[in-house]
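The values are calculated or read from the model by the stated rules, or taken from the named source; none is laboratory data. Owing to the predicted nature of the structure, the values given are computational and were not obtained by experimental measurement. Here the Cβ positions follow ideal geometry from the backbone for every residue, glycine too, while neighbour counts run over all protein chains shown.
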Amino acid sequence: MRLTPLLAAFILGSILLAGTAQAATYPIRDRALTASELYRSGPLRPSQCTEHPVKPNDVRAAKRYLTTVVNCLNTSWAAHFRRAGLPFTKARVAFITKPRRFCGTAWKDAAARYCDDERRFVFLLNRDLLGEPSDLFLFDVAAHEFGHHVQNLTGISRAFDRHPYKGKSELNEQLRRLELQAECLAGVFIGSTWKSLDRTSRDWKVLLDIDRDSGDEQSKNRTHGKGRNIAAWLDKGFRSGSPAACNTWTVPSARVS
């Protein structure tokens, strides 16, 4: 059949719309983000990590718990980087009980923060974080912040910092890709230690529910993602066991909304 210009234009337009319906609103072009060597590093091998008991609002016990988890993170990821032939530097950790300036900026609404330049993260041990420490949330917070350390060591953070954007909406989507990747990497680590933890499938479900209730819907921020997407990326990392599952830079915008 010979196509008329109008019919050809209609068909072409339909194809383009179908092809872009699931595309990214703001495509990422930098291969340091979309094709990082981290994605080719293989699965994170199983490792042991001991959880120490923490009572509600017990700062001393929380410090012990989190220090142990960070040590596990450093050990596990160091071995992973070594096997992949990637350079590794340990992350440092500190604790505060009241918000204060960190990494050159005021402390906003966050349970913990990571500083690229210092390769250090800080936990805010207040009642919001320690009110119910028996669930896996503390473990996840540590693993998430370490995810930012992994991004820093592999050049993802630097590539994110230099990536151009036009307007707040595009910047926020890039921030969500960064944050959701860190949460996925947290899931990878938690999955690698799961058999060593005295936890059940219900504990995992509770953590996913916490993530679903902690998304951007709960605030005016649009930088971390909807609760369902935070939980989805955490669960994807957990079930895959590999950083390859955490390439948030190439997926459609809906998956990082």
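Tally up the residues in region 125-165 that are in contact (Cβ under 8 Å) with a residue 24 or more places away in the chain, outside any helix (DSSP H, G or I) and out of contact with any strand residue (DSSP E or B) (no Cβ under 6 Å at 6 or more places or on another chain), please.
Final tally of qualifying residues: 11.
Scan region 106-121 and give yes if some residue there is part of a loop (DSSP other than H, G, I, E, B) and in contact (Cβ under 8 Å) with a residue 60 or more places away in the chain, otherwise no. Outline the logic, then answer.
Taking region 106-121 first, the residues part of a loop (DSSP other than H, G, I, E, B) are 106-111, 116-119.
Going one step further and asking which of them are in contact (Cβ under 8 Å) with a residue 60 or more places away in the chain, we end up with 109.
Yes, region 106-121 contains a residue that is part of a loop (DSSP other than H, G, I, E, B) and in contact (Cβ under 8 Å) with a residue 60 or more places away in the chain.
Under the condition of being in a helix (DSSP H, G or I) and among the small types (G, A, S), which residue from region 166-187 is farthest from the chain's Cα centre (by Cα)?
Start the filter on region 166-187 by keeping residues that are in a helix (DSSP H, G or I), which leaves 168-187.
Then keep just the ones that are among the small types (G, A, S); that gives 169, 182, 186-187.
On the way: S169: 20, A182: 2, A186: 6, G187: 8 Å.
Ranking the qualifying residues of region 166-187, first place goes to S169.
Name the residues in region 45-92 that are in a loop (DSSP other than H, G, I, E, B), under 20 Å from D198 (Cα atoms) and touching a residue at least 40 places away in the same chain (Cβ under 8 Å), would you?
Initially, region 45-92 is screened for residues in a loop (DSSP other than H, G, I, E, B), giving 45-58, 85-91.
From the residues that got through so far, the ones that are under 20 Å from D198 (Cα atoms) too are 45-56.
Matches in region 45-92: R45, P46, S47, Q48, C49, T50, E51, V54, K55, P56.
I want to confirm something. Restricting to region 209-225 and keeping residues that are touching a Leu at 6+ places or on another chain (Cβ under 7 Å) and part of a loop (DSSP other than H, G, I, E, B), which single residue is surrounded by the most Cβ atoms within 10 Å (Cβ to Cβ)?
G225
Going by the conditions given, is R199 touching a residue at least 40 places away in the same chain (Cβ under 8 Å), basic (K, R) and over 27 Å from T25 (Cβ atoms)? Reasoning before the result, please.
Numbers: touching a residue at least 40 places away in the same chain (Cβ under 8 Å): yes; basic (K, R): yes; over 27 Å from T25 (Cβ atoms): yes.
Criteria met by R199.
Looking at T50, is it among the hydroxyl-bearing types (S, T, Y) and farther than 23 Å from D135 by Cα? Give the steps one after another, and end with the answer.
Values: among the hydroxyl-bearing types (S, T, Y): yes; farther than 23 Å from D135 by Cα: no.
The answer is no for T50.
Report yes if some residue within region 188-208 is surrounded by fewer than 19 Cβ atoms within 10 Å (Cβ to Cβ), at pLDDT below 95 and not in a helix (DSSP H, G or I); otherwise report no.
The answer is yes; a qualifying residue exists.
Please indicate, with yes or no, whether at least one residue in region 167-187 is more than 18 Å from T250 (Cβ to Cβ), surrounded by 18 or more Cβ atoms within 10 Å (Cβ to Cβ) and in contact with an Asp or Glu (Cβ under 6 Å, 6 or more places away or on another chain).
So far as region 167-187 goes, yes, one or more of its residues are more than 18 Å from T250 (Cβ to Cβ), surrounded by 18 or more Cβ atoms within 10 Å (Cβ to Cβ) and in contact with an Asp or Glu (Cβ under 6 Å, 6 or more places away or on another chain).
What is the number of the single condition among (1) surrounded by 14 or more Cβ atoms within 10 Å (Cβ to Cβ); (2) over 17 Å from the mean Cα position of the chain (by Cα); (3) over 18 Å from A143 (Cα atoms) that A159 does not meet?
(2)
Could you list all residues from region 226-257 that are buried (at least 19 other Cβ atoms within 10 Å of the Cβ), closer than 16 Å to E173 by Cβ and touching a Lys or Arg at 6+ places or on another chain (Cβ under 6 Å)?
Across region 226-257, the qualifying residues are T248, W249, V256.
Cβ-Cβ under 7 Å, sequence separation 6+ or interchain: first residue in region 205-225 and hydrophobic (A, V, I, L, M, F, W, C), partner surrounded by 12 or more Cβ atoms within 10 Å (Cβ to Cβ) and in a loop (DSSP other than H, G, I, E, B). Which pairs?
Every condition considered, the pairs that remain are V206/D135; L207/D135; L207/L136; I210/D135.
Checking the condition part of a helix (DSSP H, G or I) and either touching a strand residue (DSSP E or B) at 6+ places or on another chain (Cβ under 6 Å) or at pLDDT 95 or above (or both), which residue from L12, L17, L6, L33 passes?
Details: L12 fails: either touching a strand residue (DSSP E or B) at 6+ places or on another chain (Cβ under 6 Å) or at pLDDT 95 or above (or both); L17 fails: either touching a strand residue (DSSP E or B) at 6+ places or on another chain (Cβ under 6 Å) or at pLDDT 95 or above (or both); L6 fails: either touching a strand residue (DSSP E or B) at 6+ places or on another chain (Cβ under 6 Å) or at pLDDT 95 or above (or both).
L33 is the lone residue from the list that is part of a helix (DSSP H, G or I) and either touching a strand residue (DSSP E or B) at 6+ places or on another chain (Cβ under 6 Å) or at pLDDT 95 or above (or both).
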